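Participant: The structure's right below; bear with me while I get my questions together.
Every number in this text was worked out from the coordinates using simple rules, so none of it is lab data. Note that the structure is a prediction, hence the values are computed from the model and not measured. So basically every Cβ, Gly included, is an ideal-geometry build from the backbone, and we count neighbours across all protein chains shown.
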Amino acid sequence: MPPRRLKVLVFAEAVTLAHVARPLALLRSLDPARYELVLACATRYADFASNPAWQTVPLHSIASAQFAQALAQGAPLYDLATLAGYADADRALITAHRPDLVVGDFRLSLSVSARLVGVPYLAIVNAYWTPYHAAGFPMPVLPLSRHLPLPLARALFDTFRPLAFAAHCRPLNRLRAQHGLPSLGRDLRRVYSDADHLLVPDSPALFAMQGPAQAFSQTGPLAWSPDLPWPTALDRPVPGEQAVVYLTLGSSGPPQALALTLAALADLPIRVMASTAGAGVPADLPSNARVAAYLPGHLAASRAQLVICNGGSLAVQQALAAGVPVLGLASNMDQFLNMAPIVAAGAGRLLRTDRLSIGAVRDACQALLQSPDAGRAAQRLQALQASAPVPGQVFDQVAQRLTGSARATPSAQ
């Protein structure tokens, strides 16, 4: 008889598209002849989540707007009641589907629910949100950064950050205590990365990590784009066109930043291919802008000489896969942390959205387009990113080890 397929239940916390996209990319990399796959995801992403290769089941996630508001205020992303409800829902799904392995992307409640049920838990998490990557904590866009001079705001942020992080850690620690599990302490990175093993989709050459081999595995990007045909209207050239720019601020970018960026690029000899990530199209579109709700990002990046995004890993990795420089318009800490090695390598620039202006965006865009060094740096990072381990192959090895089974044979890539 052929070996029984290993059953994997994947939880996608649909507060941003990125936390859905990475599980989808992982699922695509696995062979359904060797794995029985189940995806739990909010119905708002049903169009992207459904696939005949896996079963899809509904999962409650808080509204994206609620999540974005908490980020913007620097408030804890989840309260105890929300995490307790999540954990109950997790346990119900795990009990119903009886998986050999649970995978989660920012589903913090699995720190409790997977342990209570006794199923191995693999978390997808960026390197800089683990204790194994040496990175500081840059100040994100917060109310104090919007209203105070940046040096004063940074000093206050550095002073009060430990207290703020402790507040972010408290809800999950309280939930763990209710179920007899030990505290994870006040290090937010431990709360965000508590699992039996971590799958880290960040190139080791860009995000070096140190720690025990049994704790984490680094891979190349979990690259995902919506499975959509390319809209040929975006290929319509602009008179006097000298370059093409791909603009996407994702599902977590400030809405006003898209309109400001389009205005900043309106009088430049460039064609702008813009994705609104499902948001409304700004009024009074410039004549050089071509806009769609969603675009296959890997194709858009490959057609462009510059990618302008929110600095998050999904779009940045697409840009680097195409060897294209990046202009990051960052708001939350994740985006600042993700852009740091890109800027350090000379392959991009970073602008704060609380200091955004038409002039700053225009100047940064022109500087990157006119810099041969930025293009060469992006191509160097392209090669480094491409040399990272293949996610599906790494998953096969980790799955075997976590489940103590040889049933999971290598996946088709």
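Participant: Quick one: Leu268, Leu368, fewest Cβ neighbours within 10 Å first, how do they rank?
Facilitator: The order, fewest Cβ neighbours first, is Leu268, Leu368.
Participant: Rank these for me by crowding, Trp230, Trp224, Trp129, going from fewest to most other beta carbons within 10 Å.
Facilitator: Exposure proxy ranking, most exposed first: Trp230, Trp129, Trp224.
Participant: Enumerate the amide H contacts of Glu13 below 5 Å, restricted to partners 5 or more residues apart or on another chain; note that Pro and chain-start residues carry no placed amide H.
Facilitator: Those qualifying (amide H under 5 Å, at least 5 residues apart or on another chain) are Asp105, Arg107.
Participant: Moving on. Quick one: which residues, 5+ away or cross-chain, put their amide H under 5 Å from the amide H of Ile308? H built at 1.01 Å from N.
Facilitator: HN-HN under 5 Å from Ile308: Tyr246, Leu247, Thr248, Leu327.
Participant: Applying the Karplus parametrisation 6.51 cos²θ - 1.76 cosθ + 1.60 with θ = phi - 60° to the phi angles of the range 256-273, what ³J(HN,Hα) value in whole Hz is obtained for each residue in order, glycine and proline being reported as x?
Facilitator: The phi angles translate into 5, 5, 5, 5, 5, 5, 4, 5, 5, 9, 4, 9, 9, x, 9, 9, 9, 9 Hz.
Participant: Looking at the range 1-79 only, what percent of DSSP beta bridges run antiparallel? Nearest 5 please.
Facilitator: Antiparallel: roughly 10 percent of the beta bridges in the range 1-79.
Participant: Hey, another quick one. Stick to Cα atoms and the Kirkwood definition of Rh, then tell me Rg/Rh for the chain.
Facilitator: 0.96
Participant: Would you look at the GNM of the chain, springs on alpha carbons closer than 10 Å, and say which of Ala283, Ala301, Ala208 moves the most?
Facilitator: Answer for the Gaussian network model of the chain: Ala283.
Participant: Another question, then. State to the nearest 20 debye the size of the charge dipole of the range 232-386 about its Cα centre, where the only charges are +1 on K and R beta carbons and -1 on D and E beta carbons.
Facilitator: 180 debye
Participant: Can I ask one more? Please state the relative contact order of the chain as a whole percent: Cα pairs under 8 Å, 6+ residues apart?
Facilitator: 16 percent
Participant: If each residue of separation counts as 0.36 nm, what is the full-extension length gain between Ala293 and Arg146 once their alpha-carbon separation is subtracted?
Facilitator: 50.0 nm
Participant: While we're on this one: With both bridge residues required to lie in the chain, what share of the DSSP beta bridges run antiparallel, to the nearest 5%? Before the final figure, lay out each step's value.
Facilitator: Numbers: 1 of 47 bridges.
Bridges in the chain that DSSP calls antiparallel: roughly 0 percent.
Participant: Nearest 500 deg cm²/dmol is fine: what mean residue ellipticity at 222 nm does the chain get from its DSSP H runs of n ≥ 4 alone, each adding -39,500 (n - 2.57), divided by its residue count?
Facilitator: Helix-only estimate at 222 nm: -12500 deg cm²/dmol.
Participant: Now for a different question. For a footprinting-style exposure proxy, rank Cys309, Cys365 by other Cβ within 10 Å, fewest first.
Facilitator: Least crowded to most crowded, the residues run Cys365, Cys309.
Participant: Same structure, new question: Return the sequence-ordered ³J(HN,Hα) values of the range 196-207 in whole Hz as given by the Karplus equation 6.51 cos²θ - 1.76 cosθ + 1.60 applied to θ = phi - 60°, using x for Gly and Pro.
Facilitator: After applying 6.51 cos²θ - 1.76 cosθ + 1.60, I find 6, 7, 10, 9, 10, x, 10, 3, x, 6, 9, 10 Hz.
Participant: Something else about it: Determine ³J(HN,Hα), in whole Hz, for all residues of the range 358-373 in sequence, where each value follows from phi through the Karplus function 6.51 cos²θ - 1.76 cosθ + 1.60 and θ = phi - 60°; x replaces Gly and Pro.
Facilitator: 3J(HN,Hα) across the range 358-373, in whole Hz: 4, x, 5, 5, 4, 5, 5, 4, 5, 4, 6, 5, 8, 9, x, 5.
Participant: Right, another one. Mind listing the long-range amide H neighbours of Thr56? Cut-off is under 5 Å, sequence gap 5 or more, other chains count too, H placed in the peptide plane at 1.01 Å from N.
Facilitator: Leu39
Participant: Taking a virtual spin label 7 Å from the Cα of Trp230 along the C-beta vector, which residues in the range 303-333 bring their backbone nitrogen under 14 Å of it?
Facilitator: The answer is 303-305, 322, whose backbone nitrogens lie closer than 14 Å to the label point.
Participant: Hey, got the Cα dimensions of the range 232-386 along the principal axes, in Å, largest first?
Facilitator: Principal extents (largest minus smallest coordinate, Cα): 39, 31, 28 Å.
Participant: Still on this model: About its Cα centre, how strong a charge dipole does the range 174-294 have in debye, to the nearest 20, once Lys and Arg get +1 and Asp and Glu get -1 at the Cβ? Write out the running numbers ahead of the final one.
Facilitator: On the way: 8 positive and 9 negative charges, 83 e Å.
Value, rounded to 20: 400 debye.
Participant: Can you give the FRET efficiency to the nearest 0.05 for Val281 and Ala386, using r as the Cβ-Cβ distance and R₀ = 25 Å?
Facilitator: 0.15
Participant: If R0 is 30 Å, what FRET efficiency do you get for Ser50 and Ser357 from their C-beta distance, rounded to 0.05?
Facilitator: On the way: r = 42 Å, r/R0 = 1.39.
Once rounded, the FRET efficiency stands at 0.10.
Participant: Taking +1 at the Cβ of each Lys and Arg and -1 at the Cβ of each Asp and Glu, which of Ala386, Leu247, Gly323 sits farthest along the dipole of the range 232-386 towards its positive end, judged by Cα position relative to the Cα centre?
Facilitator: Ala386
Participant: Between Arg4 and Asp373, what FRET efficiency comes out of the Förster formula 1/(1 + (r/R0)^6) with R0 = 45 Å and r the beta carbon distance, rounded to 0.05?
Facilitator: 0.25
Participant: With axes computed from alpha carbons, what is the tilt in degrees of helix 391-403 against the longest principal axis of the chain, rounded to the nearest 10 within 0 to 90?
Facilitator: 20 degrees
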